[in-house]
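The next block holds one structure in the form of structure tokens; read it before the comments.
The values are calculated or read from the model by the stated rules, or taken from the named source; none is laboratory data. Everything numeric in this text was worked out from a predicted model, so none of it was measured. Virtual Cβ from ideal backbone geometry, glycine too; neighbours counted across all protein chains shown.
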């Protein structure tokens, strides 16, 4: 037993009284009172305005202080002080924490406080500054939460000491509980509600207004799922449906990430959106912990590149040889990049904590909004009736203003004047008082016209307001129209992406990439790519697409290296694994490098230097064949330095550069020179003695005066081929081409090395040079400067005939059959 003493301070005239109380009863009563206080006064939101008492008091007091969006900020400490002193007699820390959360765009789908200063960071990694440093005012959305609160729209009650009045609920012009969500832990119960998209929720509410018997499926057409402030992906359609039906459910939140090149040679994972209430520091620390404990492989570095201008950006570099997709799956599995959200829709309805589904939440809000609009309409009608009553009295007085003045002058005092006016004109007490209080300057003819116009306006407004009060359909229409206006003003596009099912983001695959055979491709536009694992051939059929002019193809493995030969005579090694993978469809049908990346991202090029061809670095290959602009030819022995990534494969003379380069496949090919004065020379590659890398080559073609080589390549003499040439002006630019000609390769005789060749095109008037030329095996593909496919001219059997007019200048001609 416990003894409860009701004895005050000892007094001589007071007889001590002690009451015995059962301990169990005392604990039960005290705990029940404590639980009731926590549930109703702190932890659970009201289903009508979606606010806990502390949030409601903050918004109401800020509205009373006049902290509107069109006015200046005030110190947060001042707001906290006013709220604590007048309405919320609890810790200033609790009040400030609540104010801070209402200002955080990553915590609230529609922030209710406009904060100025440091209000924290995503995930709470960086705490907000103290209240003496930050400033705040109401946001535009908060204004419609408190709009019309002074029009008797909600009930008021006494504050904690009975000296102030506070609202029991706010008018709430939008469904705040669904839009911004809520979280709280009470005694024996808790709430955890996800934020939603304002436009979607309003659309569902308006549908429910029009169709009160709408089903959950009907409403989910408008509200398919939560819409989190931080975006990301939401997985778990069934869990969301359970929550909307029963008030309880679970879904997964997944970060938004993409795989892209983070350096010139390395792929990485770029995270731009995190799960709700998850900060970057939490992710970074977990990733570092997993890497150090060897539980996560394939990650070399993690950088936080987030800033206030570009938003969140976490860059996770993936080690070469690892599948970025598989690494990302591991990150989703082991780190906070994927989290669960348990929905528990517990809110107060008529003072009772209830678990509500989507339809019930909307119904409670709409019932509240109907009541708010009804009370507001009644208040406005009463105000207008009172005003109309005074205007009508003043108009009565104006009809016989001289008599009114005489009555007032003949009366002994104001009370007598009022009684005499009431008796003379059958006025009410309020009308007579208003007439006496009206200055004489208002009793003119002009004011009479204004009063009549005001009377007519008031009469019309009263009629409209009465119609709303007398018609439930009209009342519902007013609420629906106001919700629509709110949606137009504050709705924003959906941020979270809903993903059906719970499948991994990528198909299951090994973490490390196997060293499978691949092909490395260089397009004529300078793009590099590789085929997928195990793809050993390239198709030639189907429709051609942009970037389909494949200039060079070599065979390698995923973990191997290949070389790039440039116009300056350099060979640059680079790893195959860094190259983007060509889609399988592109390699099986028409060849296309639309998914490739510029060669400059993988090899360091000098100004005006470009890649001519690829080589396999295979020491058993016949080696490279090189031809320069000044007519030098060279075959390079494939004994390349192994300890250098960049080295010269030919020593060029001053002013010279490579016109072409090709890796020989058999050594039996024919080398072809084409000059800008329309000379073609072809001879067997066997006539050129292989040399080491430092050598400068030998004479390849005898050039005419002022002539230079514009094409050098290798053609298989056992297959059909074409020589394509374009003639133009002296500018030697492709876009100056006037005529074009395609001739069978077999028409040109084989001659000796360092001879002059034979003519391939006769120049017409205004034509002085070849601006471009090619010698390739058939079939040949032509492309424009940007890689778009073009048609070749009809084959001309005249070796030295003139060309046909150019319809569209050709920039590249290649043969997939020869490169594939």
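In table form, for the structure just shown:
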| read-out | value |
| --- | --- |
| Condition met for residue 611 (modelled with pLDDT of 90 or more and either touching a helix residue (DSSP H, G or I) at 6+ places or on another chain (Cβ under 6 Å) or within 22 Å of residue 259 (Cβ to Cβ) (or both)) | yes |
| Test result for residue 450, at pLDDT 90 or above and part of a helix (DSSP H, G or I) | no |
| Complete set of residues in the range 298-312 that are at pLDDT 90 or above, surrounded by 14 or more Cβ atoms within 10 Å (Cβ to Cβ) and outside any strand (DSSP E or B) | 312 |
| Residue that is modelled with the highest pLDDT, among those in the range 728-765 that are within 55 Å of the chain's Cα centre (by Cα) and part of a loop (DSSP other than H, G, I, E, B) | 738 |
| Test: residue 315 is in a helix (DSSP H, G or I), at pLDDT 90 or above and either buried (at least 16 other Cβ atoms within 10 Å of the Cβ) or within 25 Å of the chain's Cα centre (by Cα) (or both) | no |
| Conditions (1) more than 28 Å from the chain's Cα centre (by Cα); (2) in a helix (DSSP H, G or I); (3) within 28 Å of residue 192 (Cβ to Cβ): number failed by residue 88 | (2) |
| Options 354, 348, 366, 361: the member that is within 30 Å of residue 208 (Cα to Cα), assigned to a helix (DSSP H, G or I) and in contact with a strand residue (DSSP E or B) (Cβ under 8 Å, 6 or more places away or on another chain) | 361 |
| Residue check for residue 418: surrounded by 13 or more Cβ atoms within 10 Å (Cβ to Cβ), at pLDDT 90 or above and part of a helix (DSSP H, G or I) | yes |
| Candidate set from the range 194-225 (those that are more than 26 Å from the chain's Cα centre (by Cα) and outside any helix (DSSP H, G or I)); member that is surrounded by the most Cβ atoms within 10 Å (Cβ to Cβ) | 214 |
| In the range 277-296, the residues that are part of a helix (DSSP H, G or I) and free of Cβ contacts under 8 Å to residues at least 24 places away in the same chain | 285, 288, 289, 291, 292 |
| Residue ID - surrounded by the fewest Cβ atoms within 10 Å (Cβ to Cβ), chosen from residues in the range 327-344 that are part of a helix (DSSP H, G or I) and in contact with a helix residue (DSSP H, G or I) (Cβ under 8 Å, 6 or more places away or on another chain) | 334 |
| Any chance residue 347 is over 21 Å from the mean Cα position of the chain (by Cα), within 30 Å of residue 174 (Cβ to Cβ) and buried (at least 20 other Cβ atoms within 10 Å of the Cβ) | yes |
| The range 520-535 - residue that is over 16 Å from residue 601 (Cα atoms) and in contact with a helix residue (DSSP H, G or I) (Cβ under 8 Å, 6 or more places away or on another chain) and, of those, modelled with the lowest pLDDT | 535 |
